[in-house]
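Asker: After the structure tokens below, expect a handful of questions from me.
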Amino acid sequence: MTDWQPPNRWPPLPEGVQPAVPIDGYPNTWTFTPASPPYSRPLTRTEATGPLELWRKLPCGDNNLAVLAPGKIALGQFIRISGRILGEDGRPVPGAIVELWQANTAGRYAHSHDDSKAPVDPHFLGHGRVFSDETGGYTFFTIRPGAYPVPVKDTWWRPPHVHFSVVGPSSLSRLVTQMYFPGDPLNDWDRILNSIHNPTARMRLVARQLHPAEVGDAFLAYQFDIVLRGALATPEA
């Protein structure tokens, strides 16, 4: 047990931590970004704490995206992504719902809206969901996603990345962000990543690769901790 209580007001994020929108050359900015600032109103107890037992509505346990079923193995480089869900003060957040979705090794999503020319992998659905454990930890086994072009006049490519959604103790405490791979040359040209002007905050979206000596020869491994708020918060993306 602890006497720690959250403050009545969290300080604002430093300048440049959140994406600067709209993003030039990314038309979906207008779809996902409100045209007006949000309207602030007091939260009721239900909005601040519920719904409880989200696992009843959001079943968890799908952490192996690389193997759909026995004999149905996704194409691509096997990787493991693991990390911890943390609060502002570094405390673990157990019981958070952590969702991951991504493109296949050719850079195509298993979604009807993706009509690119890249091939579909019938053995890769590209999404999973787990609970964080008592230490805030989570793990996914998957494949490294491919890059893909953004269909605009002045073409640019999205580097390999995975999407994360983290839902905390209530449906309102949700963070949607992305994880990038270290050393990929397309990171420097990605307009979404570089819409975060603070270089320190931008690097918090880049995973840390673990040395093969730590994990063996079955897969490459990456560490990606997600901080939900505060000065060291993982930026939205």
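Asker: Only strands (runs of 3 or more DSSP E) wholly contained in region 107-223 count here; list those with 2 or more residues that are buried (at least 19 other Cβ atoms within 10 Å of the Cβ) and in contact with a strand residue (DSSP E or B) (Cβ under 9 Å, 6 or more places away or on another chain).
Answerer: 127-131, 137-143, 161-167, 174-180, 220-223
Asker: Same structure again: Any chance region 191-207 includes a residue that's β-branched (Val, Ile, Thr), modelled with pLDDT under 95 and over 13 Å from VAL17 (Cα atoms)?
Answerer: no
Asker: In addition: Mind checking which residues of region 134-164 are in contact with a helix residue (DSSP H, G or I) (Cβ under 8 Å, 6 or more places away or on another chain) and more than 23 Å from VAL227 (Cα to Cα)?
Answerer: Hits for region 134-164 are ALA147, TRP156, TRP157, ARG158.
Asker: Then there's this: Starting from residues that are more than 21 Å from the chain's Cα centre (by Cα) and in a loop (DSSP other than H, G, I, E, B), keep the ones in region 67-94 and report whichever is nearest to ASP133 (Cα to Cα).
Answerer: Here the answer is PRO70.
Asker: Right, another one. Determine whether VAL162 is touching a Phe, Trp or Tyr at 6+ places or on another chain (Cβ under 6 Å), among the β-branched types (Val, Ile, Thr), farther than 30 Å from ARG45 by Cβ and in contact (Cβ under 8 Å) with a residue 24 or more places away in the chain.
Answerer: In short, no.
Asker: Same structure again: Pick from GLY16, GLY61: which is in contact with a His (Cβ under 6 Å, 6 or more places away or on another chain), modelled with pLDDT of 70 or more and surrounded by 10 or more Cβ atoms within 10 Å (Cβ to Cβ)?
Answerer: Numbers: GLY61 fails: in contact with a His (Cβ under 6 Å, 6 or more places away or on another chain).
Only one candidate qualifies: GLY16.
The values are calculated or read from the model by the stated rules, or taken from the named source; none is laboratory data. Only a predicted model underlies this, so the values are computations on that prediction, with no experimental measurement involved. Note: ideal-geometry Cβ built from the backbone for every residue, glycine included; neighbour counts use all protein chains shown.
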